[in-house]
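First the structure, in the form of structure tokens, and then the observations on it.
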Amino acid sequence: MSEHKAIVRWQCDTPDFLRGKYSRAHTWSFDGGVTVPASSAPSAVPVPMSNPDNVDPEEAYVASLSSCHMLTFLYFACRKGFQVDSYEDEAIGEMKKNELGKLWVSKVTLQPKIVYGGKRPDAGQEAELHHAAHADCFIANSVKTDVVVSGFDHAD
């Protein structure tokens, strides 16, 4: 099928590593040449050892699910003849403890706001587009997190 790579780089910048006093800032580099500054979330590791200006893995996970849903939605909307002029999603990931007491991203809520030009789907058609996008999203099909599109039912 296909392979997708990322290079994650971190470098120790302190003699206090063994005391846990080290920066969690690092980079993610992708095959297209983009390098993204990353860090642990300040809610997990306090500043200054985390950098709140950088993307944390939990945010990236939420963005990945949202992006995949959007791209799949756009594909299905195009195929059905619906002109999408813009798509914006303020996605929210919720963390909680699982049955073993370990934190995990248990739910991601997508809240897409879509502007159509020309032919617009009715509410039922839009729900079908979101259901199809959710069912075919590569990332959603790869995780056990409950992914919900606000306002649309995705019962499998």
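The values are calculated or read from the model by the stated rules, or taken from the named source; none is laboratory data. Note that this is a predicted model, so its numbers are computed, not measured. Glycine also receives a Cβ, built like all others from the backbone with ideal geometry; neighbour counts cover every protein chain displayed.
Report yes if some residue within the range 123-138 is hydrophobic (A, V, I, L, M, F, W, C), touching a residue at least 60 places away in the same chain (Cβ under 8 Å) and not in a helix (DSSP H, G or I); otherwise report no.
Our first condition is that a residue be hydrophobic (A, V, I, L, M, F, W, C); within the range 123-138, this holds for 123, 127, 129, 132-133, 135, 137-138.
Filter once more, so that each one left must be touching a residue at least 60 places away in the same chain (Cβ under 8 Å): 132-133, 137-138.
Restricting the remaining residues to those that are not in a helix (DSSP H, G or I) gives 137-138.
Yes, that holds for at least one residue.
What are the residues in the range 4-24 that are surrounded by 10 or more Cβ atoms within 10 Å (Cβ to Cβ) and more than 30 Å from F138 (Cβ to Cβ), if any?
D13, T14, D16, F17, K21, Y22, S23
Output the residues belonging to the range 27-49 that are outside any loop (DSSP other than H, G, I, E, B) and at pLDDT below 95.
Going through the range 27-49, the residues outside any loop (DSSP other than H, G, I, E, B) turn out to be 27-30, 35-38.
Once the filter is applied, which keeps residues that are outside any loop (DSSP other than H, G, I, E, B) and at pLDDT below 95, the range 27-49 yields nothing.
So which of K107, K119 ends up being surrounded by 12 or more Cβ atoms within 10 Å (Cβ to Cβ) and either under 17 Å from the mean Cα position of the chain (by Cα) or part of a loop (DSSP other than H, G, I, E, B) (or both)?
Values: K119 fails: surrounded by 12 or more Cβ atoms within 10 Å (Cβ to Cβ).
Answer to the check: K107.
Look at the range 1-24 and say how many of its residues are more than 27 Å from the chain's Cα centre (by Cα), more than 15 Å from S50 (Cα to Cα) and not in a loop (DSSP other than H, G, I, E, B).
Number of matching residues: 2.
Determine which single condition V45 fails, assuming it passes every other condition in (1) loosely packed, with under 14 Cβ neighbours inside 10 Å; (2) in contact with a Lys or Arg (Cβ under 7 Å, 6 or more places away or on another chain); (3) without any contact (Cβ under 8 Å) to a residue 24 or more places away in the chain.
Just one mismatch for V45, condition (1).
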